[in-house]
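Participant: I'd like to ask some things about the structure below.
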Amino acid sequence: MTNLAVEFAGIKAKNPVFTASGTCGFGQELNEIFPIDKLGGIMVKGTTLQPRLGNNTPRIAETPSGVINCVGLQNPGLEKVLEGPLPWILQHDLAVLVNISGGEPADYAELARAIDAVPGVAGLEVNISCPNVKAGGMAHGAHPETAAAVMKAVRAVTDLPVVVKLSPNVTDIGEIAKAVEAEGADAVSLVNTFLSMVIDVNRRKPLLGNIMGGLSGPAIRPIAVRMVWQVAHSVKIPIIGMGGISSGEDALQFMMAGANAVAVGAATMVNPLAPVQIIDEMAAWCEKEGVADINEIVGAALPAGVRDCGCI
Amino acid sequence: MAENAIKKLVVTILVIKGIEAISAEVLDIFAVAEGIYEMELAAPTVAAKAKPGQFVMVRPNALGQPFLGRPMGIYDVDQKRGSITILFEVHGKGTTLLAKVQKGDMLPVVAPLGNGFDVPEDLGRALVVGGGIGVAPLYPLLLQLKEQGVYTEVLLGAQTADRLLAMDRLVRLNMPVTVFTDDGSMGTKGYPSQGLAELLKEGGFETVFCCGPMPLMRSVAQICAAADVPCQVSLEERMGCGFGICVGCVVDHKAADGTISKKRVCYDGPVFEGKEVFWND
């Protein structure tokens, strides 16, 4: 039996498969379909200080091998999250990363401080990359300085492992990763969705309620693998890789490009069992290849010396 | 003790919704009108637990094209054959491909989904209003109403006589059915919402159930609200997942206590109380 357990950035998980924020709620819906503690971990729905109603419909547009969404961080707000969904998910045996999003660095700090006080949280995922909100979101993730400012504000208030979720909608994702690493980020997760849009030709108007949305699904996977590879060259901190992972082989690609763990997103929307099947497929591949510990394959495709940092 | 065990079992069944992701064989597919198809899928476990008003997410293949499933109301259930039947109209790429599948093909299905209709135990008189393809989730409801001994009348609309659906099944129920067609080619010319206000005044109906095009559901819900008759509508919205995780298919909702929120059609619905929905489209 291959060891599937991973430990990175102070986060322990029984296997390297997480579900990506925004495609698993707080785990309650998926738990009606399979026992959620089969997962290595979960990145819960993006949480903001105040409740958010989110954007108008249509919020979903299907694309070739993918889907664009413009949900807009609909969530009940910090207070309600702390009352119900978060205590519920923390009763389960999986690593819970709480995804936080805000308008100003101070908002992120307030969220981080509140969640720091909750026992059992595995870490924070700091969302500086949501393409669907006007204030904050992706605006923070677009520049090294603003990304660093958010990370600095969060670091000042918590010792929890902090994973910064990076936007792919930038010229040089490695620069952003370096900026947050310098401010004490424990890990980075990438990629969030790609800014995109669809025109409804019959109405001669944008299809989505928010005009633009974020593209995810297998369509983006090769670009996401490339970005994980580049970030693995740019920084020393661990990486959680995501972007269109639909099979064990897809997940292994991200790990070999340097990711210590992966997250499944759009695939879960199509097949709720996808994250579990991906774990099984990864395990089967490791057995077949005689891999004793899945951590051995992290960065396996990288040139020698790139990640010789003790972080793999 | 035995009674307690049964109670516990009942509670367990209610708690576990039992959504399944399966590969379902196409047992039959045929056109019932131009561009409208009936498809029977082998899904014994789904057939065993599906409730009236629930739906399935189905894809025409397992190849990832199209990427997302398509929501389809469960139109019929055959426990003996272990099958469920859906009814769908071709209006895009996904349904075009779905119309081309063959008997024996295996389709990815996630089911059963959604809350379904809520039929009060003591319901005496019900009015069921359907339009076009919207009759699909209403047929299992009609079966349940009949089984519960609820006096039920049906108002059924379609664009034309050839596109009037489910009549083959409805005749077997021995319920009064009033037919409406947009062009008058069968029954009364117009929509099933016509004359509804008067019917509600005289008919003593305690609940109205409705599924059909949005404009029909909106007017039925508004007429029911004015007449102070509860009205359950089964909504349709562009869906991502079908089981609540993506929060893509929301509808503006005002709860009885005044709370305004965006509810997921797939998970919190698809059946909602008509007066709690904002009909702003």
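The values are calculated or read from the model by the stated rules, or taken from the named source; none is laboratory data. Computed from a predicted structure; not experimentally measured. Methodologically, a virtual Cβ is constructed for each residue, glycine included, from the backbone with ideal geometry; neighbour enumeration extends over all protein chains shown.
Participant: Is one or more of the residues making up the range A:69-79 farther than 29 Å from A:E7 by Cβ, away from every other protein chain (no Cβ under 12 Å) and either at pLDDT below 95 or not in a helix (DSSP H, G or I) (or both)?
Facilitator: No, there is no match, as no residue in the range A:69-79 is farther than 29 Å from A:E7 by Cβ, away from every other protein chain (no Cβ under 12 Å) and either at pLDDT below 95 or not in a helix (DSSP H, G or I) (or both).
Participant: Looking at B:V46, is it touching a residue at least 40 places away in the same chain (Cβ under 8 Å), touching a strand residue (DSSP E or B) at 6+ places or on another chain (Cβ under 8 Å) and within 14 Å of chain A (Cβ to nearest Cβ)? Talk me through it step by step, then tell me what you get.
Facilitator: Details: touching a residue at least 40 places away in the same chain (Cβ under 8 Å): yes; touching a strand residue (DSSP E or B) at 6+ places or on another chain (Cβ under 8 Å): yes; within 14 Å of chain A (Cβ to nearest Cβ): yes.
Answer is yes for this residue.
Participant: So which of A:I100, A:I128, A:I89 ends up being touching a His at 6+ places or on another chain (Cβ under 9 Å) and either basic (K, R) or more than 13 Å from chain B (Cβ to nearest Cβ) (or both)? Please lay out each step first, then the result.
Facilitator: Numbers: A:I100 fails: touching a His at 6+ places or on another chain (Cβ under 9 Å); A:I89 fails: touching a His at 6+ places or on another chain (Cβ under 9 Å).
Within the list A:I100, A:I128, A:I89, the selection yields A:I128.
Participant: Does any residue of the range B:274-281 turn out to be aromatic (F, W, Y), under 30 Å from A:T47 (Cα atoms), more than 11 Å from every other protein chain (Cβ to nearest Cβ) and surrounded by 15 or more Cβ atoms within 10 Å (Cβ to Cβ)?
Facilitator: We begin by selecting, within the range B:274-281, every residue aromatic (F, W, Y); these are B:278-279.
From what's left, under 30 Å from A:T47 (Cα atoms): B:278-279.
If we keep only those that are more than 11 Å from every other protein chain (Cβ to nearest Cβ) as well, we get B:278-279.
Subsequent filtering for residues that are surrounded by 15 or more Cβ atoms within 10 Å (Cβ to Cβ) retains B:279.
Yes: the range B:274-281 contains one or more residues that are aromatic (F, W, Y), under 30 Å from A:T47 (Cα atoms), more than 11 Å from every other protein chain (Cβ to nearest Cβ) and surrounded by 15 or more Cβ atoms within 10 Å (Cβ to Cβ).
Participant: Related question: Please count how many residues of the range B:69-91 are within 14 Å of another protein chain (Cβ to nearest Cβ) and either touching a helix residue (DSSP H, G or I) at 6+ places or on another chain (Cβ under 6 Å) or within 17 Å of B:G114 (Cα to Cα) (or both). Spell out the reasoning first.
Facilitator: If we filter the range B:69-91 for residues that are within 14 Å of another protein chain (Cβ to nearest Cβ), which is where we start, we get B:69-71, B:91.
If we keep only those that are either touching a helix residue (DSSP H, G or I) at 6+ places or on another chain (Cβ under 6 Å) or within 17 Å of B:G114 (Cα to Cα) (or both) too, we end up with B:69-71.
Adding up the residues that qualify gives 3.
Participant: Determine whether the range A:40-49 contains at least one residue that is within 11 Å of another protein chain (Cβ to nearest Cβ), small (G, A, S), surrounded by fewer than 23 Cβ atoms within 10 Å (Cβ to Cβ) and under 20 Å from the mean Cα position of the chain (by Cα).
Facilitator: No: zero hits.
Participant: Would you please name the residue that is surrounded by the most Cβ atoms within 10 Å (Cβ to Cβ), looking only at residues in the range B:236-255 that are touching a residue at least 12 places away in the same chain (Cβ under 8 Å), within 11 Å of chain A (Cβ to nearest Cβ) and of a type in the set (A, V, I, L, M, F, W, C)?
Facilitator: B:C241
Participant: Can you confirm whether the range A:64-79 contains a residue that is farther than 30 Å from B:G64 by Cα and crowded, with 23+ Cβ neighbours inside 10 Å? Before you say what the answer is, go through the steps one by one.
Facilitator: From the range A:64-79, those farther than 30 Å from B:G64 by Cα are A:76-79; that's our starting set.
Narrowing further to those that are crowded, with 23+ Cβ neighbours inside 10 Å: none.
There is no residue in the range A:64-79 that is farther than 30 Å from B:G64 by Cα and crowded, with 23+ Cβ neighbours inside 10 Å.
Participant: On to the next question. Do any helices (runs of 4 or more DSSP H) entirely within the range A:236-309 hold 3 or more residues that are touching a residue at least 12 places away in the same chain (Cβ under 8 Å) and either more than 14 Å from chain B (Cβ to nearest Cβ) or of a type in the set (D, E, K, R) (or both), and if so, which?
Facilitator: On the way: elements: A:248-256, A:266-270, A:274-289.
Of the helices (runs of 4 or more DSSP H) lying wholly inside the range A:236-309, those with at least 3 residues that are touching a residue at least 12 places away in the same chain (Cβ under 8 Å) and either more than 14 Å from chain B (Cβ to nearest Cβ) or of a type in the set (D, E, K, R) (or both) span A:248-256, A:274-289.
Participant: Give me a count of the residues in the range A:222-252 that are surrounded by fewer than 21 Cβ atoms within 10 Å (Cβ to Cβ), of a type outside the set (G, A, S) and closer than 27 Å to A:N271 by Cα. Talk me through it step by step, then tell me what you get.
Facilitator: Within the range A:222-252, the subset surrounded by fewer than 21 Cβ atoms within 10 Å (Cβ to Cβ) is A:222-223, A:226, A:230, A:233-234, A:236, A:247-249.
If we keep only those that are of a type outside the set (G, A, S) as well, we get A:222-223, A:226, A:230, A:233, A:236, A:249.
Filter again for closer than 27 Å to A:N271 by Cα, leaving A:222-223, A:226, A:249.
The number of residues fulfilling the criteria is 4.
Participant: With respect to A:A219, is the statement that it is touching a residue at least 24 places away in the same chain (Cβ under 8 Å), within 14 Å of chain B (Cβ to nearest Cβ) and either outside any loop (DSSP other than H, G, I, E, B) or under 30 Å from B:E237 (Cβ atoms) (or both) true? Spell out how you get there, then give the answer.
Facilitator: Working: touching a residue at least 24 places away in the same chain (Cβ under 8 Å): yes; within 14 Å of chain B (Cβ to nearest Cβ): yes; either outside any loop (DSSP other than H, G, I, E, B) or under 30 Å from B:E237 (Cβ atoms) (or both): yes.
So A:A219 passes the test.
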